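The values are calculated or read from the model by the stated rules, or taken from the named source; none is laboratory data. What you see is a predicted model; the values in this text were computed from it and never measured. Glycine gets a Cβ as well: all are built from the backbone with ideal geometry, and neighbour counts include every protein chain shown. The area values use the complete protein model at the heavy-atom level, side chains included, leaving out ligands, DNA and RNA. Shrake-Rupley method; radii C 1.70, N 1.55, O 1.52, S 1.80 Å.
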Amino acid sequence: MRPQDIRRGIAVGTFVLLTIAVAVQASPRYQRAFVAKYPKTTGTKLAQCQTCHLVQPPAVNPYGLAFKAAHFKFEPLEPKDSDKDGATNLAEITALTFPGKPADKPKGTADSTAAPDSTSTDSTAKPKPEPEPEPEQKPDSTKS
């Protein structure tokens, strides 16, 4: 082998190892930032990779996709419902449910398959009151 080929092989190998190291370190950094932003999640399931990832990283869930689209900032995601389960991301984080997993939602959250009654994404919105029934009309006794 020529010395150039050996150097090239070492350079490529070093690049690959550094790329893997950066990718592996990115996730724990965001995990720590998440727990720092939402201290109530410390020691819970939300302090794990599955908050943003599917079962096996690097595949991401809807919350992870939204986090990436928001340039890795949490605040823009709070009022959104990334997993479309009827609860905002902040409501899910507060309830310690996964904001990227539709099957895991706060208790009392409306079923996401139900037709929405408004375009609002606020999960705390009160339902519209049902209209009162009309009073029954008595038959007119003057007619024969």
**Request:** Give me the pairs, please: first residue somewhere in the range 36-54 and without any contact (Cβ under 8 Å) to a residue 24 or more places away in the chain, second residue anywhere and of a type in the set (A, V, I, L, M, F, W, C), beta-carbon distance under 7 Å, and either six or more positions apart or on two chains.
**Result:** Thr42/Val35; Ala47/Val35; Leu54/Val60
**Complete:** How many residues of the range 46-74 are among the charged types (D, E, K, R) and within 17 Å of Leu90 (Cβ to Cβ)? The answer is 1
**Message:** Report every pair of residues separated by at least 6 positions or lying on different chains whose Cβ atoms are under 6 Å apart, first residue within the range 97-109 and over 13 Å from Gln50 (Cα atoms), second β-branched (Val, Ile, Thr) and part of a loop (DSSP other than H, G, I, E, B).
**Reply:** Lys105/Thr97; Pro106/Thr97
**Asked** Does the range 62-70 include one or more residues that are exposed (fewer than 13 other Cβ atoms within 10 Å of the Cβ), part of a loop (DSSP other than H, G, I, E, B) and over 12 Å from the mean Cα position of the chain (by Cα)?
**Response** no
**Asked** Which one of the conditions (1) at pLDDT below 95; (2) exposed (fewer than 12 other Cβ atoms within 10 Å of the Cβ); (3) outside any loop (DSSP other than H, G, I, E, B) does Gln31 fail to meet, given that it meets all the rest?
**Response** (2)
**Prompt:** Lys73 passes all but one of (1) within 22 Å of Pro28 (Cα to Cα); (2) modelled with pLDDT of 95 or more; (3) part of a loop (DSSP other than H, G, I, E, B); (4) open to solvent by less than 90 Å² (accessible area, probe 1.4 Å); which number fails?
**Reply:** (4)
**Prompt:** Hey, any hits in the range 92-111 for a residue that's part of a helix (DSSP H, G or I), open to solvent by less than 50 Å² (accessible area, probe 1.4 Å) and at pLDDT 95 or above?
**Reply:** yes
